[in-house]
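Worksheet for the structure shown next.
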Amino acid sequence: MTTPTIELKPSAHPLSDAEREAILASPGFGRHFTDHMVTIKWTEGRGWHDGQLVPYAPLSLDPANMTLHYAQTIFEGLKAYRQPDGSVATFRPEANAERFQNSARRLAMPELPVETFIEACEVLVRQDRAWVPSQGEASLYLRPFMIATEVGLGVRPANEYLFILIASPAGAYFSGGVKPVSVWLSEEYVRAAPGGTGAAKTGGNYAASLVAQAQAIEQGCDQVVWLDAIERRWIEEMGGMNLYFVYGSRIVTPELSGSLLPGITRDSLLTIAADLGYEVAEGRISVEDWKAANEDGSLTEVFACGTAAVITPVGSVKSTRANWTVADGEPGAVTMRLRAALLDIQTGQAPDKHGWMHPL
Ligand code: PLP
Ligand code: COI
């Protein structure tokens, strides 16, 4: 595979320091974007070419662009964190690059070389370094994605694609901060079925989730929890987060069933929790197990984890069959300890024992 170099064409009119500082004071999530973006083209027979860093700007697409009709599109999400010495580092970018390749394979799209994915992150963050927040757990969220750019209505893999990397300063994903979320168990709708695209990070999975998320809100809950497609019994994950169940000092996360997203935060926590002395396992957890272990007191905490949301406690559960409060409904000690341990590595407050941080 060819590895294109990225040509720099910086903006002549970046936002002023005052405008940028006003945004960074309260960034929210995914509402503001930095001054630049990286674009790289792929064409059948030629491979990856024309890598560029250019001013952030709208795209012009033909109405018959194939992505708009058949959703051949994939994305990633990773964060760059300000380090104590003022430098900037991202967390496990090669893991995101590899998942991006896996998603590409599932969607019959070309694979971007891992080193090009990482180079794109380096080039953009170096250029827009002033956009990396320095307060608390705020970060610069990087959103790499790929779309088909061929024009035509035939249903087949496109012969032209565009990779784009944009960046957005991020505060808390949930506006309430670290407040337990309430969840709705989705029995009517499923996110992904065996053999489907659930393990890929592709737009269609998120489009398919929206009606169930709306149902969760109607039910007075914050988030939807997906169950397996066949028995509607086994816990899979949340809309944009994986789940962990804490039984005292034993911590269990649903195993990778093929229909849930293999989260990088999930994977990192398997290691961090073991480092902290917890017994860690991947397994199958049913709705009945969840309810029974909650009732007999053996289940002490449940939390969700993901790049955008970090670690968020789950406080209560609602379904058509039963409602219950998870333990005492408050953020648990293990949840908060793992959250601090993960953020300490990401923000450079704790040693990076596993070589996860990539300086930019
Ligand atoms: N599950 C889904 C459906 C997601 O969209 C995400 C977010 O990326 C996750 C889980 C968590 O994955 P990660 O920890 O890699 O962000
Ligand atoms: C992430 O955590 O990076 C996600 O992609 C979750 C959501 C914003 C889709």
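Annotations for the structure displayed:
- Condition met for Leu260 (within 14 Å of ligand 1 (Cβ to nearest atom), in contact (Cβ under 8 Å) with a residue 24 or more places away in the chain, more than 17 Å from Lys291 (Cβ to Cβ) and of a type in the set (A, V, I, L, M, F, W, C)): yes
- Only listed residue being of a type in the set (Phe, Trp, Tyr) and assigned by the TED database to the domain that holds Leu61, chosen from Tyr161, Tyr189: Tyr161
- Residue among Thr67, Thr43 that is of a type in the set (S, T, N, Q), surrounded by 17 or more Cβ atoms within 10 Å (Cβ to Cβ) and in the same structural domain as Glu137 (by the TED database): Thr67
- Of the residues Gly297, Gly258, the single one that is in the same structural domain as Ala192 (by the TED database), part of a loop (DSSP other than H, G, I, E, B) and touching a Pro at 6+ places or on another chain (Cβ under 8 Å) is Gly258.
- The range 52-78: number of residues that are away from ligand 2 (no atom under 16 Å from the Cβ), part of a strand (DSSP E or B) and more than 27 Å from Pro133 (Cβ to Cβ): 1
- Single condition Arg143 does not satisfy, out of (1) part of a strand (DSSP E or B); (2) surrounded by 18 or more Cβ atoms within 10 Å (Cβ to Cβ); (3) among the charged types (D, E, K, R): (2)
- Qualifying residue in the range 85-94 (condition: in a helix (DSSP H, G or I) and either under 21 Å from the mean Cα position of the chain (by Cα) or assigned by the TED database to the domain that holds Ala309 (or both)): yes
- Single unsatisfied condition, Ser268 versus (1) within 15 Å of ligand 2 (Cβ to nearest atom); (2) part of a strand (DSSP E or B): (2)
- Evaluation of Asp296 against (1) loosely packed, with under 14 Cβ neighbours inside 10 Å; (2) free of Cβ contacts under 8 Å to residues at least 40 places away in the same chain; (3) within 16 Å of ligand 1 (Cβ to nearest atom) (one fails), failing number: (3)
- Restricting attention to the range 65-96, the residues that are touching an Asp or Glu at 6+ places or on another chain (Cβ under 8 Å) and not polar (S, T, N, Q) add up to 2.
- Within the range 208-243, the set of residues being β-branched (Val, Ile, Thr), part of a helix (DSSP H, G or I) and closer than 17 Å to Asn323 by Cα comprises Ile217 only.
- Lone unmet requirement of (1) more than 26 Å from Ile272 (Cα to Cα); (2) touching a residue at least 24 places away in the same chain (Cβ under 8 Å) for Arg105: (2)
- Positions within the range 271-289 being closer than 18 Å to Ile235 by Cα and either under 25 Å from the mean Cα position of the chain (by Cα) or within 16 Å of ligand 2 (Cβ to nearest atom) (or both), in sequence order: Val280, Ala281, Glu282, Gly283, Arg284, Ile285, Ser286, Val287
The values are calculated or read from the model by the stated rules, or taken from the named source; none is laboratory data. This one's a predicted model, so the numbers in the text were calculated from it and none came from an experiment. Backbone-built Cβ (ideal geometry, glycine too); neighbour counts: all protein chains shown.
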